[in-house]
Amino acid sequence: MIEMIELVIDLLLAFCVVLTAAIVYTKDLLLAIVLAGAEGVLVATVFYLLLAPDIALVQVAAGVGISTAFFIVGLRKIGRREE
Amino acid sequence: MVIATTGQLPYILVAIMASICIYAVLFKSNLFKKMLAIFLLTDAVNLLFIIQGYRLGNAIPPIIPPGMDPSEFASIAVDPLAHYFVVTAVVIGLAEVATLTALIIYTYRHYGTIETKKIKELRG
Amino acid sequence: MNGWRGSIFGVLFVVLMSSILIYAFLGYPELGFVRPLGEFYLFNTYNFENQDWWSASPNAVTGLLWDYRGYDTLYETMVFYVGIAAVAMFFEGHAKLKKTGGMTVIVRATARLVFVFTLTSAFAITIFSIKTPGGGFQGGSIMAIAYIAIIVALSKGFLPEMNIDLETAHIAKIVGLALITGLTIVPVIYSLASGSVAYAMQNQPKAWAPFGYPTFLGLTSLSGGLIIPIQLGEMVHVGMGFTIMFLLLTMREKED
Amino acid sequence: MSPLLIQAPILAMLLTLLGSFLCVLFGMFMGRRAVELLSGVLTAATILLSSLALINVYLLEGPYVYYMGGWPPPVGIPYVIDRFSAPLSLAVSVIFFATMVYSVRYLEKDRDVKWYYSLRFLMQTGMYGLLFTGDMFHIFIMLELMGLSAILLVPFRKEVKASVEAGIKYGIYDILAISIYYLSTAMIFGMFGSMTIAEISAKLGGYVSPFSGGMFADPSALPVIVALIVWSFAIGAAIVPQHFWLPDAHSMAPSSISAILSGLLVQVNIAVLARILFDGFAAGSHPGGAVGLQLLVILGVASSLVGAAFMLVQSDIKRLIAYSTITNLGLITIGLGVGTSLGVSAAYLHIINHAFVKASLFMIAGVFIHATGSREIGALRGISKALPGTSLLYTLGTLAAIGFPPLSMFWSKLLLLLSVLSAGGVYPYLVLPMVVSIVFESIAQIRLLAIIYSGEKRAVNCHPSLPVILSIGIMISIIVVTGLMPNMLFEFGRLAAEDLLNVSGYADLVLKSLNYAAP
């Protein structure tokens, strides 16, 4: 018997896998960063659903907010496209 | 022959995610892409930890509500140890990102590119 | 490797690697199994009857962070310090911040208000981390966001008005670290001075190691021994660290 | 036991921790002399404290466990100070002190040294932690601390193009290695429900812990975990398929850092791997752990051959020494992979001897490069007439490196060959590749010596100053003196191997030496 939460988590994780593949596949680094941010949000959602509020907080503050800012600051100094 | 059950589906998805990241670090040529992949690899392992610390049913976060008996709390809350590992690893992941970003920016300044195929000063 | 050959190789690699990992996971318990060590922490973290084993923190994760596995977290903080050092080492050595004038009074006042508000919430998240989700790192990140928002929304020149400078930020960061390290060393010094058994990073007294930071009477629900001061130190360290990183990374841009 | 003896190794660690940020504070307000003085005093203090720990472990009380925060093992982090970790920690202290004295003059032309000393301190802290710790997750954090500081120190001279390239290359692969290790810790957590190394081996033998229970997953998955761990440490220690970052990183770093990277960092990786495989996965008795040993032997043979072959074609003195490191690491992994008591003690001795030899070679190479202004081997022609003292030291170091009889590395190489010969199965055939690699290495090193002693006297830019010569002299004299006392060396190796291979003894020491009332 599958519980509802399991189904939701499996769906979210599958979406994470797709996003990871897209990040690896795309040639546009800015798009990759945006997708990585989206994946960070998904991961934070999974953390929240799995009853880890501490980590959801860390993930939103650090894993999504500050790291994305970092990536963008870095990207502004290097080329945007991958060859 | 053992066949995975639906309860093991999260493990399988995380395993695929980690494999994609390892592939990208090893074989993609863009340094920035490699860094993103390392960051996502940490995320995948974090998910693995949290999945292993979860409890089904009417579980609660690992914060004891006022007045609850410790033994009751221990039987319904989720695993704090897994949460601890993830908090630590997220911070460490940020430190990795900071280090690699600084290095990548400097590489770009020196070489004008961040494609490993084109940076060939050293023979390795 | 490019084109379709690269893609096929990639798919093959991923399939191979993930099947190896999945093979390992087949014997693992299904979702929803809590291991006994986790239950041990849950049972003991705020258990008045068993004070030899408690961390006096209702939030078990906070108890793990700075008591049960505090020595781990100390070095996690140092790893973060290395991350700051990376940016500081590569991008340091440039002009000091200049004050920018010309902002209207209303903008300044609003910015100050928002800033104070964010900082307060950072402090709250840090101090109440014993009872609610949160902690030094989370509080520090929010504190950094307060500063970064000023950098992004107004300008870097606004920071000196908040009495923050690169040098001050470095000093504040080091003070935070010194607080954490000092509280780690105190039991060691105590042990050397008194000859009794005490271990580095020890927080609560135990039957086999009698040293303990005083837990404040009457405030038992808030007391976690050294957890709160350490969390404050970590908050300052993390918040200042992020501020330094962003200042340095954006400062260089205009000179290039 | 006196508290000072118990606290000594931890105090050394905390002193380096204090030094790391006090350096920055001093550098901001008092200038570089204050930073150098502080680091000198603190590193000297760590030598004293590590010697105290060594004396305590060998002569007074024997191995003991330090309980971080006062918590017994599966709950908290144990630090195991035994006869395997204590001598290595003393080696770490001594080499860090010598390179500290060396860097005062070596880095005189570099502008800002506060981050240099700060990161060096953190690297030292990480090494102590890795050697002592008995907890899988703590190893992850310490690897990260040691690795990230090393990654930043490689491109310390950031204006040099190639050093930044070496840094990013090393950075990407080392951090990948640590992330893979992190993946394996998650799998260990799922399988054993605990991160304590001693509990892993005990649970494989059927032990049920009062804190963390038994095992929670089928041990048939163990080879995958072991393979992941060996893979991650093979990247970190530059075993052959992943060795390509090492020659770049070790040759482009400042020489004082190359000495540490080549002499200590990779060896510490190997030592931790040995600790995990033997004491954690019970590699001697459990089939899951034995997979790791077989992998080590295969990779070690490849490593020693490839490293030695590449040594023959190098034209850059630091790259030559770096490839020699790969060769010797291959020999060490063969010794560990054989897994007998003799093999492990030989590998252990080789780790210590190689640390001193390789560190001193890199330090002298730094002097040569400063003097000639070039890294090419050809530029060294005639240097022996210009710098006779330094050349003599270099000759002693090289003779030790190729295993010339009375010097220290001769004994460990001899023991390695003997251990392979005395092991059963196909292992005796391994002597052939080992001898081939040793011969190749000797040819390359002797060719370099011949160049140094040939030719007319050449002009040099500068002569090495007294502290530089003194620091190198300390290292070379340690090599000579330990080489003259082989019995003492063998005794150290035997006891270290005894502590490492006695799995049940290790588990008892960690899990049962604290008296507490069960919760």
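The values are calculated or read from the model by the stated rules, or taken from the named source; none is laboratory data. Predicted, not measured: the structure shown is a model, and the values here were computed from it. Here the Cβ positions follow ideal geometry from the backbone for every residue, glycine too, while neighbour counts run over all protein chains shown.
Below, the figures for the structure above:
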{"read-out": "Residue list for segment B:47-81, restricted to those being assigned to a helix (DSSP H, G or I) and more than 7 Å from every other protein chain (Cβ to nearest Cβ)", "value": "B:E72, B:S75, B:I76"}
{"read-out": "Segment D:283-296 - residue that is aliphatic (A, V, I, L, M) and surrounded by 24 or more Cβ atoms within 10 Å (Cβ to Cβ) and, of those, modelled with the lowest pLDDT", "value": "D:A283"}
{"read-out": "Positions within segment C:186-230 being within 11 Å of chain D (Cβ to nearest Cβ), crowded, with 20+ Cβ neighbours inside 10 Å and modelled with pLDDT of 80 or more, in sequence order", "value": "C:P187, C:V188, C:S191, C:A198, C:Y199, C:A200, C:M201, C:Q202, C:N203, C:Q204, C:K206, C:A209"}
{"read-out": "Counted residues, segment D:369-394 - those being under 24 Å from D:A253 (Cβ atoms) and either free of Cβ contacts under 8 Å to residues at least 24 places away in the same chain or among the β-branched types (V, I, T) (or both)", "value": "7"}
{"read-out": "Test: residue in segment B:10-18 that is surrounded by fewer than 21 Cβ atoms within 10 Å (Cβ to Cβ) and within 7 Å of chain C (Cβ to nearest Cβ)", "value": "yes"}
{"read-out": "So D:I81, is it β-branched (V, I, T), in contact with a helix residue (DSSP H, G or I) (Cβ under 6 Å, 6 or more places away or on another chain) and closer than 28 Å to C:P205 by Cβ", "value": "yes"}
{"read-out": "Single residue of segment D:82-138 satisfying the filter (among the charged types (D, E, K, R) and touching a Leu at 6+ places or on another chain (Cβ under 8 Å)) that is nearest to the other protein chains (Cβ to nearest Cβ)", "value": "D:R120"}
{"read-out": "Test: residue in segment A:74-81 that is touching a Ser or Thr at 6+ places or on another chain (Cβ under 8 Å) and free of Cβ contacts under 8 Å to residues at least 60 places away in the same chain", "value": "yes"}
{"read-out": "Among residues of segment B:22-43, those that are facing chain A (nearest Cβ under 8 Å) and either β-branched (V, I, T) or assigned to a helix (DSSP H, G or I) (or both), counted", "value": "9"}
{"read-out": "Filter result (over 14 Å from the mean Cα position of the chain (by Cα) and in a loop (DSSP other than H, G, I, E, B)) within segment D:228-282", "value": "D:H243, D:F244, D:A253, D:P254, D:F281, D:A282"}
{"read-out": "Hey, D:L329 modelled with pLDDT of 90 or more, assigned to a helix (DSSP H, G or I), in contact with a helix residue (DSSP H, G or I) (Cβ under 9 Å, 6 or more places away or on another chain) and under 21 Å from D:S422 (Cα atoms) or not", "value": "yes"}
{"read-out": "Filter result for D:A8 (away from chain C (no Cβ under 14 Å) and not basic (K, R))", "value": "no"}
{"read-out": "Hits in segment C:23-35 - residues which are assigned to a helix (DSSP H, G or I) and either more than 7 Å from every other protein chain (Cβ to nearest Cβ) or crowded, with 19+ Cβ neighbours inside 10 Å (or both)", "value": "C:A24, C:F25"}
{"read-out": "Selection status of D:A309, assigned to a helix (DSSP H, G or I), among the hydrophobic types (A, V, I, L, M, F, W, C) and either touching a Lys or Arg at 6+ places or on another chain (Cβ under 7 Å) or modelled with pLDDT under 90 (or both)", "value": "no"}
{"read-out": "The listed residue being closer than 30 Å to D:Q314 by Cα and surrounded by 24 or more Cβ atoms within 10 Å (Cβ to Cβ), out of D:A274, D:A234", "value": "D:A234"}
{"read-out": "All positions within segment D:168-189 that are more than 10 Å from chain C (Cβ to nearest Cβ) and of a type outside the set (S, T, Y)", "value": "D:I168, D:K169, D:I172, D:D174, D:I175, D:L176, D:A177, D:I178, D:I180, D:A186, D:I188"}
{"read-out": "Out of D:S437, D:S384, D:S419, sole residue that is under 22 Å from D:K318 (Cβ atoms) and out of contact with any Phe, Trp or Tyr (no Cβ under 7 Å at 6 or more places or on another chain)", "value": "D:S437"}
{"read-out": "Subset of segment C:167-184 that is facing chain D (nearest Cβ under 10 Å) and surrounded by fewer than 19 Cβ atoms within 10 Å (Cβ to Cβ) - its residue that is farthest from the chain's Cα centre (by Cα)", "value": "C:E167"}
{"read-out": "Some residue of segment D:197-206 being surrounded by fewer than 20 Cβ atoms within 10 Å (Cβ to Cβ) and either acidic (D, E) or in a loop (DSSP other than H, G, I, E, B) (or both)", "value": "yes"}
{"read-out": "Criterion: among the aromatic types (F, W, Y), surrounded by 21 or more Cβ atoms within 10 Å (Cβ to Cβ) and more than 7 Å from chain B (Cβ to nearest Cβ) - qualifying residue of C:W4, C:W53", "value": "C:W53"}
{"read-out": "Any hit, segment D:493-510, residues being in contact with a Leu (Cβ under 9 Å, 6 or more places away or on another chain), buried (at least 19 other Cβ atoms within 10 Å of the Cβ) and within 30 Å of D:L320 (Cα to Cα)", "value": "yes"}
{"read-out": "Unique match (being part of a helix (DSSP H, G or I), in contact with a Phe, Trp or Tyr (Cβ under 6 Å, 6 or more places away or on another chain) and at the interface with another protein chain (Cβ under 7 Å from one of its Cβ atoms)) among A:I55, A:I23, A:I78", "value": "A:I55"}
{"read-out": "Within segment B:84-124, considering residues that are more than 18 Å from A:G40 (Cα to Cα), touching a residue at least 40 places away in the same chain (Cβ under 8 Å) and not aliphatic (A, V, I, L, M), the one surrounded by the most Cβ atoms within 10 Å (Cβ to Cβ)", "value": "B:T101"}
{"read-out": "Whichever residue in segment D:19-46 is at the interface with chain C (Cβ under 10 Å from one of its Cβ atoms) and surrounded by fewer than 20 Cβ atoms within 10 Å (Cβ to Cβ) and, among such residues, is nearest to the chain's Cα centre (by Cα)", "value": "D:M28"}
{"read-out": "Total residues in segment D:62-77, condition in contact with a His (Cβ under 9 Å, 6 or more places away or on another chain) and in contact (Cβ under 8 Å) with a residue 24 or more places away in the chain", "value": "1"}
{"read-out": "Test for D:V104: is it in contact with an Asp or Glu (Cβ under 6 Å, 6 or more places away or on another chain) and within 22 Å of D:A45 (Cβ to Cβ)", "value": "yes"}
{"read-out": "Filtered residue count, segment C:34-60, keeping only those that are closer than 13 Å to B:I63 by Cβ and either out of contact with any Ser or Thr (no Cβ under 9 Å at 6 or more places or on another chain) or free of Cβ contacts under 8 Å to residues at least 24 places away in the same chain (or both)", "value": "4"}
